[in-house]
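J.: Sharing a structure, written as C-alpha cells. Questions coming.
Please treat every number below as a calculation from the coordinates, not as lab data. Everything numeric here is computed off the predicted structure, so don't read it as measured data. Glycine also receives a Cβ, built like all others from the backbone with ideal geometry; neighbour counts cover every protein chain displayed.
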Ligand SMILES: Cc1cc2nc3c(=O)[nH]c(=O)nc-3n(C[C@H](O)[C@H](O)[C@H](O)COP(=O)(O)O)c2cc1C
C-alpha cells in the first residue's frame, strides 16, 4: 500500500482552492474539526518541499483557552503598538479591521522553524540561510490550501513578539515560532480579502509582477 492519505472524491480541484483561500478573522464558528480532515491537512503540510529535506517545521496545536486568552491579550497590545505608528487617517481605517480570530476559531496552530535540524550539512542552505524559513512557509501554505479544500478557514496572526510566544508555549530558544494560525470551520469565505474590503490595500494585477529577462523590463505591447 502506498503511504499516501486517501482523499475524499468531493474535494475541490487545486486552482479553485487556490482562488477560494482567504485569510479569515471574523467568520470562525468555533465548531469542531473532524479528526480525519485534520489528519489529511497535517499530512499535506508535512508533504511540503524543504531545503536539504530537513523538514524543519513542527506543529503546536493550541486548544487550551487560557493560553489562547493570554496570547490574544498580547496580540491586542501589539495591535496598539502598530496603531500608534500610523497617521490619523490610516489609523482610522485600521481601527475598522479585525486582525485575528484567536478565541473564536476552533484551535490555534503554531508552526515553528528549527534551523538546527539536519545541520551542519544542510544541502542547499550554505549560501541562503533563509532557505530553511522558506521551507516552513511552504508547509504553512500547504496547510492553508488543504484546510480550504476541507472547507475550513485559516487566519495568520503575526502581531506578536517571538520571545513572548516561545515563553508561552515552552518553545526552546533555538526554535523560531513562524506563525500563529487560527483554524476552524467558518460561516463563509469572502471572495475579496478583508484588507481590500476595508480599503487598506488593493491587489495588483499579475502582469505588474512580471518581468522579462531583466528586473523592471515589462512586455512591450
Ligand atoms: C506572513 C503573513 C502574516 C500575516 N499576518 C496577519 C495578521 O497578523 N493579521 C491579519 O489579520 N492578517 C495577517 N495576514 C493575512 C494577510 O493580511 C492576507 O493574506 C492578505 O490581506 C491577503 O488576503 P487573503 O489571504 O484573504 O488573500 C498575514 C499573512 C501573511 C502571509
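J.: How long, wide and thick is the range 27-89, going by the Cα atoms along their three principal axes, in whole angstroms, largest first?
T.: Per principal axis, max minus min of the Cα coordinates gives 45, 35, 23 Å.
J.: Given Cα positions, please report Rg to Rh for the range 42-152, the hydrodynamic radius being the Kirkwood one.
T.: 1.07
J.: Follow-up question, since we're still on this one. Let's test the formula: R0 of 30 Å, r as the Cβ-Cβ distance of residue 12 and residue 88. What FRET efficiency results, to the nearest 0.05?
T.: 0.10
J.: Then there is this: Suppose a student asked you for the relative contact order of the chain, using Cα pairs under 8 Å spaced at least 6 residues apart; what percent would you report?
T.: Relative contact order of the chain: 33 percent.
J.: By what distance, in whole Å, do the Cα atoms of the range 14-58 stretch along each of the three principal axes, largest value first?
T.: Principal extents (Cα only, largest first): 39, 25, 19 Å.
J.: Another question, if that's okay. Per the helix-only calculation at 222 nm, which mean residue ellipticity applies to the chain, given -39500 (n - 2.57) for every DSSP H run of n ≥ 4 and division by its residues, nearest 500 deg cm²/dmol?
T.: The helix-only estimate for the chain comes to -10500 deg cm²/dmol at 222 nm.
J.: For the range 103-221, state the semi-axes of the equivalent ellipsoid (square roots of 5 times the eigenvalues of the alpha-carbon gyration tensor), sorted largest first and rounded to whole angstrom.
T.: Gyration-tensor ellipsoid for the range 103-221: 29, 26, 13 Å.
J.: Which whole-number percent is the relative contact order of the range 129-221 (Cα, under 8 Å, 6+ apart)?
T.: Over the range 129-221, the number comes to 22 percent.
J.: For the chain, take every pair of Cα atoms, bin their distances at 5 Å starting from 0, and report each bin as a whole percent.
T.: 1, 6, 12, 15, 17, 17, 14, 10, 5, 2, 0, 0, 0
J.: State, to one decimal in nm, how far the label point of residue 19 lies from the label point of residue 59, with both points 7 Å from Cα in the Cβ direction.
T.: 2.8
J.: Further question: Estimate the FRET efficiency between residue 119 and residue 36 by the formula 1/(1 + (r/R0)^6), using the beta-carbon distance for r and 25 Å for R0, to the nearest 0.05.
T.: 0.10
J.: Follow-up question, since we're still on this one. Assuming R0 = 25 Å, what is the FRET efficiency of residue 190 and residue 215, from their Cβ-Cβ distance, to the nearest 0.05?
T.: In this case the efficiency is close to 0.15.
J.: Let me ask something else about it. When only alpha-carbon atoms are used, what values of Rg and Dmax, in angstrom, describe the range 154-221?
T.: Here Rg and the maximum Cα pair distance are 19.0, 56 Å.
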